[in-house]
Ligand SMILES: Nc1ncnc2c1ncn2[C@@H]1O[C@H](COP(=O)(O)OP(=O)(O)OP(=O)(O)O)[C@@H](O)[C@H]1O
Ligand SMILES: [Mg+2]
(Lines give C-alpha, C1' and ligand atoms only; values in the text may rest on other atoms or scores of the structure.)
(Ligands and ions follow the chains in the order given, each with its own letter.)
Protein backbone atom coordinates (compact mmCIF):
# COMPACT_ATOMS: atom_id res chain seq x y z
CA UNK A 1 0.00 0.00 0.00
CA UNK A 2 1.23 3.50 -0.66
CA UNK A 3 1.76 6.03 2.14
CA UNK A 4 -1.10 8.31 1.06
CA UNK A 5 -3.66 5.48 1.07
CA UNK A 6 -2.37 4.28 4.43
CA UNK A 7 -2.82 7.78 5.93
CA UNK A 8 -6.35 8.02 4.55
CA UNK A 9 -7.17 4.60 5.99
CA UNK A 10 -5.83 5.57 9.41
CA UNK A 11 -7.97 8.73 9.48
CA UNK A 12 -11.03 6.74 8.41
CA UNK A 13 -10.47 4.04 11.05
CA UNK A 14 -9.78 6.67 13.70
CA UNK A 15 -13.08 8.43 12.92
CA UNK A 16 -14.93 5.12 12.98
CA UNK A 17 -13.46 4.26 16.39
CA UNK A 18 -14.58 7.67 17.68
CA UNK A 19 -18.12 7.09 16.42
CA UNK A 20 -18.24 3.70 18.15
CA UNK A 21 -16.92 5.35 21.32
CA UNK A 22 -19.55 8.05 21.08
CA UNK A 23 -22.32 5.47 20.65
CA UNK A 24 -21.17 3.22 23.50
CA UNK A 25 -20.58 6.09 25.97
CA UNK A 26 -24.02 7.48 25.14
CA UNK A 27 -25.70 4.24 26.18
CA UNK A 28 -23.67 4.18 29.41
CA UNK A 29 -24.69 7.81 30.08
CA UNK A 30 -28.37 6.95 29.56
CA UNK A 31 -28.16 4.21 32.18
CA UNK A 32 -26.03 5.96 34.83
CA UNK A 33 -26.15 9.67 33.89
CA UNK A 34 -22.44 10.44 34.42
CA UNK A 35 -21.67 13.89 33.05
CA UNK A 36 -18.00 12.97 32.24
CA UNK A 37 -19.22 10.12 30.06
CA UNK A 38 -21.52 12.56 28.27
CA UNK A 39 -18.58 14.90 27.60
CA UNK A 40 -16.49 12.02 26.19
CA UNK A 41 -19.37 11.10 23.92
CA UNK A 42 -19.74 14.63 22.54
CA UNK A 43 -15.99 15.18 22.06
CA UNK A 44 -15.48 11.87 20.26
CA UNK A 45 -18.46 12.61 18.00
CA UNK A 46 -16.99 16.00 17.11
CA UNK A 47 -13.51 14.70 16.44
CA UNK A 48 -14.92 11.82 14.40
CA UNK A 49 -16.97 14.22 12.25
CA UNK A 50 -13.96 16.53 11.79
CA UNK A 51 -11.81 13.54 10.77
CA UNK A 52 -14.35 12.41 8.19
CA UNK A 53 -14.81 15.95 6.88
CA UNK A 54 -11.05 16.38 6.56
CA UNK A 55 -10.77 13.10 4.72
CA UNK A 56 -13.60 13.99 2.32
CA UNK A 57 -12.12 17.44 1.61
CA UNK A 58 -8.66 16.00 1.07
CA UNK A 59 -9.98 13.44 -1.44
CA UNK A 60 -12.12 16.03 -3.24
CA UNK A 61 -9.43 18.72 -3.42
CA UNK A 62 -6.69 16.34 -4.49
CA UNK A 63 -9.04 15.43 -7.36
CA UNK A 64 -9.68 19.11 -8.16
CA UNK A 65 -13.32 19.43 -7.09
CA UNK A 66 -12.97 23.20 -7.65
CA UNK A 67 -13.06 22.42 -11.40
CA UNK A 68 -16.48 20.76 -11.13
CA UNK A 69 -18.03 17.50 -10.00
CA UNK A 70 -17.61 15.82 -13.41
CA UNK A 71 -13.96 16.81 -13.55
CA UNK A 72 -13.40 15.50 -10.02
CA UNK A 73 -15.11 12.20 -10.79
CA UNK A 74 -13.05 11.54 -13.93
CA UNK A 75 -9.84 12.65 -12.24
CA UNK A 76 -10.38 10.23 -9.37
CA UNK A 77 -11.56 7.41 -11.66
CA UNK A 78 -8.68 7.67 -14.13
CA UNK A 79 -5.98 8.26 -11.50
CA UNK A 80 -7.12 5.32 -9.43
CA UNK A 81 -7.25 3.03 -12.46
CA UNK A 82 -3.83 4.21 -13.61
CA UNK A 83 -2.19 3.73 -10.21
CA UNK A 84 -3.68 0.27 -9.84
CA UNK A 85 -2.52 -0.81 -13.29
CA UNK A 86 0.94 0.63 -12.68
CA UNK A 87 1.21 -1.45 -9.52
CA UNK A 88 0.01 -4.55 -11.42
CA UNK A 89 2.66 -3.87 -14.06
CA UNK A 90 5.36 -3.65 -11.37
CA UNK A 91 5.90 0.08 -11.87
CA UNK A 92 6.46 1.00 -8.25
CA UNK A 93 9.30 1.28 -5.78
CA UNK A 94 9.21 -0.51 -2.43
CA UNK A 95 10.27 1.79 0.42
CA UNK A 96 10.12 -0.05 3.73
CA UNK A 97 6.53 -1.11 4.32
CA UNK A 98 5.12 1.20 1.68
CA UNK A 99 5.21 1.29 -2.08
CA UNK A 100 5.64 4.42 -4.17
CA UNK A 101 4.18 4.76 -7.67
CA UNK A 102 5.59 7.50 -9.96
CA UNK A 103 3.87 10.83 -9.34
CA UNK A 104 0.89 11.35 -11.66
CA UNK A 105 -0.67 14.65 -12.76
CA UNK A 106 -3.81 14.70 -14.87
CA UNK A 107 -5.24 17.77 -16.61
CA UNK A 108 -8.44 17.53 -18.62
CA UNK A 109 -9.48 20.02 -21.31
CA UNK A 110 -12.26 22.46 -20.54
CA UNK A 111 -14.82 20.33 -22.37
CA UNK A 112 -13.41 17.01 -21.03
CA UNK A 113 -12.71 15.73 -24.56
CA UNK A 114 -9.10 15.00 -23.79
CA UNK A 115 -6.17 16.24 -21.81
CA UNK A 116 -2.65 15.55 -20.72
CA UNK A 117 -1.22 13.11 -18.25
CA UNK A 118 2.21 13.65 -16.72
CA UNK A 119 4.06 10.77 -15.11
CA UNK A 120 7.23 11.46 -13.13
CA UNK A 121 10.30 10.01 -14.77
CA UNK A 122 13.02 8.08 -12.93
CA UNK A 123 16.10 6.06 -13.79
CA UNK A 124 14.25 2.87 -12.99
CA UNK A 125 11.24 3.54 -15.23
CA UNK A 126 12.61 5.75 -18.04
CA UNK A 127 12.56 3.03 -20.70
CA UNK A 128 9.32 1.50 -19.41
CA UNK A 129 7.50 4.84 -19.46
CA UNK A 130 8.63 5.42 -23.02
CA UNK A 131 7.33 2.03 -24.20
CA UNK A 132 4.25 1.55 -22.05
CA UNK A 133 0.78 1.65 -23.66
CA UNK A 134 -1.33 3.51 -21.11
CA UNK A 135 -4.58 3.56 -23.05
CA UNK A 136 -6.03 0.52 -21.26
CA UNK A 137 -5.68 2.28 -17.90
CA UNK A 138 -7.37 5.50 -19.02
CA UNK A 139 -10.94 4.21 -19.26
CA UNK A 140 -12.69 5.99 -22.16
CA UNK A 141 -9.57 7.95 -23.17
CA UNK A 142 -6.89 6.89 -25.66
CA UNK A 143 -3.30 8.10 -25.69
CA UNK A 144 -2.54 9.88 -28.92
CA UNK A 145 1.12 10.73 -28.45
CA UNK A 146 3.72 11.01 -25.74
CA UNK A 147 7.00 12.83 -25.21
CA UNK A 148 9.49 13.75 -22.52
CA UNK A 149 9.46 17.26 -20.99
CA UNK A 150 12.48 19.45 -21.79
CA UNK A 151 13.97 18.87 -18.34
CA UNK A 152 13.45 15.09 -18.67
CA UNK A 153 11.55 14.92 -15.37
CA UNK A 154 8.14 13.93 -16.70
CA UNK A 155 6.68 11.90 -19.54
CA UNK A 156 3.69 13.69 -21.01
CA UNK A 157 0.90 11.63 -22.60
CA UNK A 158 -1.70 13.49 -24.63
CA UNK A 159 -5.01 11.65 -24.60
CA UNK A 160 -8.46 12.16 -26.02
CA UNK A 161 -11.91 10.71 -25.59
CA UNK A 162 -11.97 7.66 -27.89
CA UNK A 163 -15.70 8.02 -28.49
CA UNK A 164 -15.46 11.56 -29.82
CA UNK A 165 -15.56 11.90 -33.55
CA UNK A 166 -13.74 14.57 -35.50
CA UNK A 167 -15.40 13.43 -38.68
CA UNK A 168 -17.25 16.05 -40.64
CA UNK A 169 -20.48 14.96 -42.21
CA UNK A 170 -21.46 16.98 -45.25
CA UNK A 171 -25.03 16.43 -46.38
CA UNK A 172 -24.78 18.71 -49.41
CA UNK A 173 -22.17 20.45 -51.52
CA UNK A 174 -23.50 23.77 -50.20
CA UNK A 175 -22.61 22.68 -46.64
CA UNK A 176 -19.20 21.69 -47.90
CA UNK A 177 -18.61 25.02 -49.67
CA UNK A 178 -19.80 26.94 -46.65
CA UNK A 179 -17.30 25.11 -44.41
CA UNK A 180 -14.51 25.39 -46.96
CA UNK A 181 -14.99 29.14 -47.31
CA UNK A 182 -13.81 29.56 -43.72
CA UNK A 183 -10.49 27.84 -44.37
CA UNK A 184 -7.60 30.13 -45.39
CA UNK A 185 -6.67 30.11 -49.07
CA UNK A 186 -3.45 28.11 -48.71
CA UNK A 187 -4.65 25.64 -46.10
CA UNK A 188 -6.79 22.50 -46.16
CA UNK A 189 -8.90 20.79 -43.53
CA UNK A 190 -8.58 17.09 -42.81
CA UNK A 191 -11.30 16.81 -40.17
CA UNK A 192 -13.04 18.95 -37.55
CA UNK A 193 -9.88 19.76 -35.61
CA UNK A 194 -7.01 19.52 -38.10
CA UNK A 195 -6.26 22.26 -40.62
CA UNK A 196 -2.86 22.06 -42.29
CA UNK A 197 -0.81 24.12 -44.71
CA UNK A 198 -0.91 23.16 -48.32
CA UNK A 199 2.15 20.96 -48.90
CA UNK A 200 3.37 17.80 -50.62
CA UNK A 201 1.12 15.00 -49.44
CA UNK A 202 1.34 11.23 -49.29
CA UNK A 203 -1.74 9.11 -48.61
CA UNK A 204 -1.11 5.45 -47.81
CA UNK A 205 -3.43 2.60 -46.82
CA UNK A 206 -4.67 -0.87 -47.69
CA UNK A 207 -7.25 -1.27 -50.40
CA UNK A 208 -10.66 0.10 -49.41
CA UNK A 209 -9.27 2.19 -46.54
CA UNK A 210 -10.61 5.41 -48.07
CA UNK A 211 -7.58 6.94 -49.82
CA UNK A 212 -9.32 7.99 -53.02
CA UNK A 213 -12.33 9.23 -51.06
CA UNK A 214 -10.00 11.29 -48.88
CA UNK A 215 -8.50 12.67 -52.08
CA UNK A 216 -11.98 13.73 -53.28
CA UNK A 217 -12.39 15.76 -50.11
CA UNK A 218 -9.07 17.49 -50.69
CA UNK A 219 -9.73 18.09 -54.39
CA UNK A 220 -13.19 19.47 -53.70
CA UNK A 221 -11.53 22.00 -51.40
CA UNK A 222 -9.05 22.95 -54.13
CA UNK A 223 -11.68 23.58 -56.79
CA UNK A 224 -13.90 25.49 -54.38
CA UNK A 225 -11.24 27.93 -53.16
CA UNK A 226 -11.73 31.62 -53.87
CA UNK A 227 -8.88 31.18 -56.32
CA UNK A 228 -9.26 27.56 -57.48
CA UNK A 229 -6.02 25.65 -57.73
CA UNK A 230 -4.71 24.17 -60.97
CA UNK A 231 -4.87 20.38 -60.77
CA UNK A 232 -3.21 17.69 -62.87
CA UNK A 233 -4.53 14.14 -62.67
CA UNK A 234 -2.46 10.99 -63.17
CA UNK A 235 -4.33 7.73 -62.76
CA UNK A 236 -2.30 4.82 -64.17
CA UNK A 237 -5.15 2.38 -63.49
CA UNK A 238 -7.63 4.61 -65.30
CA UNK A 239 -10.15 4.34 -62.49
CA UNK A 240 -12.27 6.97 -60.73
CA UNK A 241 -9.66 9.73 -60.59
CA UNK A 242 -9.32 9.59 -64.38
CA UNK A 243 -13.12 9.93 -64.70
CA UNK A 244 -13.01 12.96 -62.44
CA UNK A 245 -10.00 14.46 -64.19
CA UNK A 246 -11.64 14.07 -67.58
CA UNK A 247 -14.66 15.90 -66.27
CA UNK A 248 -12.93 18.90 -64.76
CA UNK A 249 -9.64 19.21 -66.63
CA UNK A 250 -9.34 16.77 -69.58
CA UNK A 251 -6.23 18.53 -70.90
CA UNK A 252 -4.50 17.90 -67.57
CA UNK A 253 -5.52 14.28 -67.14
CA UNK A 254 -3.39 11.30 -68.07
CA UNK A 255 -3.77 7.55 -67.81
CA UNK A 256 -1.02 5.88 -69.80
CA UNK A 257 2.68 6.10 -69.11
CA UNK A 258 3.74 8.40 -71.98
CA UNK A 259 0.88 10.76 -71.26
CA UNK A 260 1.66 10.89 -67.55
CA UNK A 261 5.30 11.72 -68.29
CA UNK A 262 4.15 14.47 -70.72
CA UNK A 263 1.91 16.00 -68.07
CA UNK A 264 4.67 15.77 -65.53
CA UNK A 265 6.99 17.66 -67.90
CA UNK A 266 4.28 20.27 -68.52
CA UNK A 267 3.89 20.66 -64.76
CA UNK A 268 7.63 21.09 -64.23
CA UNK A 269 7.78 23.62 -67.06
CA UNK A 270 5.03 25.67 -65.39
CA UNK A 271 7.04 25.42 -62.18
CA UNK A 272 10.17 26.72 -63.86
CA UNK A 273 8.20 29.68 -65.22
CA UNK A 274 6.90 30.37 -61.72
CA UNK A 275 10.48 30.17 -60.47
CA UNK A 276 11.51 33.00 -62.80
CA UNK A 277 8.49 35.08 -61.77
CA UNK A 278 9.16 34.56 -58.08
CA UNK A 279 12.89 35.20 -58.46
CA UNK A 280 12.00 38.70 -59.72
CA UNK A 281 9.62 39.30 -56.81
CA UNK A 282 12.06 37.88 -54.26
CA UNK A 283 14.53 40.63 -55.04
CA UNK A 284 12.45 42.97 -52.95
CA UNK A 285 11.75 40.48 -50.17
CA UNK A 286 13.52 37.85 -48.13
CA UNK A 287 11.90 34.80 -46.63
CA UNK A 288 8.86 34.78 -48.90
CA UNK A 289 7.14 32.16 -51.01
CA UNK A 290 4.33 31.81 -53.55
CA UNK A 291 1.69 32.57 -50.88
CA UNK A 292 3.30 35.93 -50.07
CA UNK A 293 2.67 36.95 -53.68
CA UNK A 294 -0.81 35.34 -53.74
CA UNK A 295 0.10 32.94 -56.55
CA UNK A 296 -2.20 30.07 -57.55
CA UNK A 297 -1.04 26.66 -56.30
CA UNK A 298 -0.52 23.86 -58.82
CA UNK A 299 -1.18 20.28 -57.72
CA UNK A 300 -0.01 17.09 -59.41
CA UNK A 301 -2.27 14.37 -58.19
CA UNK A 302 -1.14 10.76 -58.53
CA UNK A 303 -3.50 7.92 -57.61
CA UNK A 304 -2.09 4.37 -57.56
CA UNK A 305 1.49 5.65 -57.72
CA UNK A 306 2.82 2.10 -57.18
CA UNK A 307 1.28 0.91 -60.48
CA UNK A 308 2.96 3.82 -62.25
CA UNK A 309 6.30 2.82 -60.70
CA UNK A 310 5.91 -0.83 -61.68
CA UNK A 311 5.11 0.09 -65.31
CA UNK A 312 7.97 2.60 -65.28
CA UNK A 313 10.34 -0.18 -64.23
CA UNK A 314 9.88 -1.72 -67.71
CA UNK A 315 10.87 1.48 -69.49
CA UNK A 316 14.45 2.22 -70.58
CA UNK A 317 16.91 3.78 -68.14
CA UNK A 318 16.75 7.19 -69.81
CA UNK A 319 12.99 7.42 -69.26
CA UNK A 320 13.29 6.21 -65.69
CA UNK A 321 15.98 8.77 -64.92
CA UNK A 322 13.93 11.53 -66.53
CA UNK A 323 10.85 10.72 -64.42
CA UNK A 324 12.91 10.49 -61.23
CA UNK A 325 14.52 13.85 -61.99
CA UNK A 326 11.13 15.48 -62.64
CA UNK A 327 9.63 14.08 -59.45
CA UNK A 328 12.64 15.15 -57.37
CA UNK A 329 12.56 18.64 -58.87
CA UNK A 330 8.93 19.13 -57.86
CA UNK A 331 9.36 17.64 -54.40
CA UNK A 332 12.52 19.62 -53.63
CA UNK A 333 11.66 22.99 -55.20
CA UNK A 334 7.87 23.03 -55.29
CA UNK A 335 7.18 24.19 -51.73
CA UNK A 336 8.41 27.72 -52.24
CA UNK A 337 6.94 27.98 -55.72
CA UNK A 338 3.48 26.63 -54.89
CA UNK A 339 3.80 23.36 -56.86
CA UNK A 340 2.78 20.29 -54.90
CA UNK A 341 2.61 16.52 -55.31
CA UNK A 342 -0.30 14.56 -53.93
CA UNK A 343 0.64 10.89 -54.05
CA UNK A 344 -1.61 7.96 -53.22
CA UNK A 345 -0.41 4.40 -52.81
CA UNK A 346 -1.13 1.28 -50.80
CA UNK A 347 2.36 1.00 -49.31
CA UNK A 348 5.25 3.43 -49.28
CA UNK A 349 8.10 0.90 -49.34
CA UNK A 350 11.48 2.12 -50.58
CA UNK A 351 11.20 0.04 -53.76
CA UNK A 352 8.00 1.93 -54.66
CA UNK A 353 8.90 5.47 -53.64
CA UNK A 354 12.48 6.50 -53.05
CA UNK A 355 13.40 7.39 -49.49
CA UNK A 356 14.65 10.82 -50.52
CA UNK A 357 11.28 11.68 -52.09
CA UNK A 358 9.32 10.24 -49.20
CA UNK A 359 11.36 12.07 -46.57
CA UNK A 360 10.69 15.38 -48.27
CA UNK A 361 6.92 14.97 -48.18
CA UNK A 362 5.77 16.77 -45.04
CA UNK A 363 2.12 15.71 -44.85
CA UNK A 364 1.62 11.94 -44.61
CA UNK A 365 -1.63 10.12 -43.95
CA UNK A 366 -1.94 6.40 -43.28
CA UNK A 367 -5.57 5.33 -43.47
CA UNK A 368 -7.22 2.17 -42.12
CA UNK A 369 -5.53 -0.49 -40.01
CA UNK A 370 -2.10 -1.02 -41.48
CA UNK A 371 0.77 -3.34 -40.70
CA UNK A 372 3.54 -1.98 -38.50
CA UNK A 373 5.83 -1.98 -41.55
CA UNK A 374 3.53 0.49 -43.36
CA UNK A 375 3.72 2.92 -40.44
CA UNK A 376 7.48 2.52 -40.27
CA UNK A 377 7.95 3.23 -43.97
CA UNK A 378 5.62 6.22 -43.84
CA UNK A 379 6.65 7.82 -40.55
CA UNK A 380 10.03 6.29 -39.73
CA UNK A 381 11.11 4.00 -36.92
CA UNK A 382 10.47 4.55 -33.22
CA UNK A 383 7.17 6.37 -33.72
CA UNK A 384 4.08 5.07 -31.99
CA UNK A 385 0.70 5.08 -33.56
CA UNK A 386 -2.40 5.42 -31.32
CA UNK A 387 -3.63 1.92 -30.71
CA UNK A 388 -7.23 1.63 -31.91
CA UNK A 389 -9.41 0.16 -34.58
CA UNK A 390 -9.49 2.53 -37.53
CA UNK A 391 -12.69 2.50 -39.57
CA UNK A 392 -12.83 3.32 -43.28
CA UNK A 393 -11.62 6.90 -43.82
CA UNK A 394 -9.87 6.99 -40.43
CA UNK A 395 -6.20 6.77 -39.69
CA UNK A 396 -3.26 8.84 -38.55
CA UNK A 397 -1.23 11.62 -40.05
CA UNK A 398 1.98 13.49 -39.41
CA UNK A 399 2.74 17.06 -40.34
CA UNK A 400 5.60 19.20 -39.03
CA UNK A 401 3.47 21.96 -37.46
CA UNK A 402 0.43 20.36 -35.88
CA UNK A 403 1.34 16.67 -35.80
CA UNK A 404 5.07 15.97 -35.43
CA UNK A 405 4.05 12.50 -34.20
CA UNK A 406 1.04 10.56 -35.52
CA UNK A 407 -2.31 12.17 -34.78
CA UNK A 408 -5.73 10.65 -35.42
CA UNK A 409 -7.54 11.82 -38.56
CA UNK A 410 -11.12 11.08 -39.59
CA UNK A 411 -11.80 12.06 -43.18
CA UNK A 412 -15.15 13.72 -43.87
CA UNK A 413 -18.07 11.85 -45.34
CA UNK A 414 -19.52 13.44 -48.45
CA UNK A 415 -23.20 12.55 -48.68
CA UNK A 416 -23.87 14.10 -52.06
CA UNK A 417 -23.09 13.35 -55.67
CA UNK A 418 -19.33 13.89 -55.62
CA UNK A 419 -18.81 13.76 -59.38
CA UNK A 420 -21.61 16.24 -60.07
CA UNK A 421 -20.20 18.60 -57.42
CA UNK A 422 -16.91 19.08 -59.18
CA UNK A 423 -17.22 22.10 -61.35
CA UNK A 424 -14.74 23.13 -63.97
CA UNK A 425 -12.00 24.98 -62.14
CA UNK A 426 -11.42 28.47 -63.40
CA UNK A 427 -8.04 29.41 -62.03
CA UNK A 428 -7.23 33.04 -61.41
CA UNK A 429 -3.52 33.56 -62.03
N1 LIG B 1 -14.33 9.20 -45.04
C2 LIG B 1 -15.23 8.35 -45.49
N3 LIG B 1 -16.52 8.48 -45.10
C4 LIG B 1 -17.46 7.62 -45.56
N5 LIG B 1 -17.23 6.61 -46.41
C6 LIG B 1 -15.98 6.43 -46.85
C7 LIG B 1 -14.91 7.30 -46.41
N8 LIG B 1 -13.79 6.89 -46.99
C9 LIG B 1 -14.11 5.84 -47.77
N10 LIG B 1 -15.42 5.56 -47.68
C11 LIG B 1 -16.14 4.46 -48.37
O12 LIG B 1 -15.22 3.42 -48.62
C13 LIG B 1 -15.17 3.13 -50.00
C14 LIG B 1 -13.74 2.75 -50.42
O15 LIG B 1 -12.93 3.91 -50.35
P16 LIG B 1 -11.80 4.23 -51.43
O17 LIG B 1 -12.22 3.84 -52.78
O18 LIG B 1 -11.41 5.63 -51.21
O19 LIG B 1 -10.65 3.23 -50.95
P20 LIG B 1 -9.16 3.17 -51.47
O21 LIG B 1 -8.31 3.19 -50.26
O22 LIG B 1 -8.92 4.20 -52.49
O23 LIG B 1 -9.09 1.72 -52.11
P24 LIG B 1 -8.16 1.22 -53.33
O25 LIG B 1 -6.77 1.09 -52.79
O26 LIG B 1 -8.73 -0.11 -53.65
O27 LIG B 1 -8.28 2.22 -54.42
C28 LIG B 1 -15.69 4.38 -50.69
O29 LIG B 1 -16.31 4.08 -51.90
C30 LIG B 1 -16.66 4.94 -49.71
O31 LIG B 1 -17.94 4.40 -49.88
MG1 LIG C 1 -8.41 4.18 -54.53
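One table, with the values for the structure above:
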| quantity | calculated |
| --- | --- |
| Pairs with Cβ under 9 Å, 6+ apart, first in the range 203-221 and outside the structural domain of residue 391 (by TED's automatic domain parsing), second near ligand 2 (Cβ under 8 Å from one of its atoms) and assigned to a helix (DSSP H, G or I) | none |
| 2 or more residues within 16 Å of ligand 2 (Cβ to nearest atom): qualifying helices (runs of 4 or more DSSP H) within the range 302-398 | 305-312 |
| Subset of the range 225-255 that is assigned to a helix (DSSP H, G or I) and surrounded by fewer than 18 Cβ atoms within 10 Å (Cβ to Cβ) - its residue that is farthest from ligand 2 (Cβ to nearest atom) | 251 |
| Residues located in the range 377-399, provided they are more than 13 Å from residue 144 (Cα to Cα) and under 12 Å from the mean Cα position of the chain (by Cα) | 394, 399 |
| Test result for residue 384, surrounded by 16 or more Cβ atoms within 10 Å (Cβ to Cβ) and farther than 24 Å from residue 217 by Cβ | yes |
| Some residue of the range 168-178 being closer than 14 Å to residue 410 by Cβ and either modelled with pLDDT under 95 or in a loop (DSSP other than H, G, I, E, B) (or both) | yes |
| Some residue of the range 83-97 being surrounded by 14 or more Cβ atoms within 10 Å (Cβ to Cβ) and part of a loop (DSSP other than H, G, I, E, B) | yes |
| Any hit, the range 246-253, residues being at pLDDT below 95 and within 14 Å of ligand 1 (Cβ to nearest atom) | no |
| Filtered residues of the range 195-215 (kept if within 14 Å of ligand 1 (Cβ to nearest atom) and over 17 Å from residue 414 (Cβ atoms)) | 202, 204, 205, 206, 207 |
| Residues located in the range 256-268, provided they are touching a helix residue (DSSP H, G or I) at 6+ places or on another chain (Cβ under 6 Å) and either within 16 Å of ligand 2 (Cβ to nearest atom) or farther than 18 Å from residue 314 by Cα (or both) | 264, 268 |
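The values are calculated or read from the model by the stated rules, or taken from the named source; none is laboratory data. From a predicted model like this one, the values you see are computed outputs, not experimental measurements. Here the Cβ is made from the backbone with ideal geometry for all residues, glycine too, and neighbour counts use every protein chain on show.
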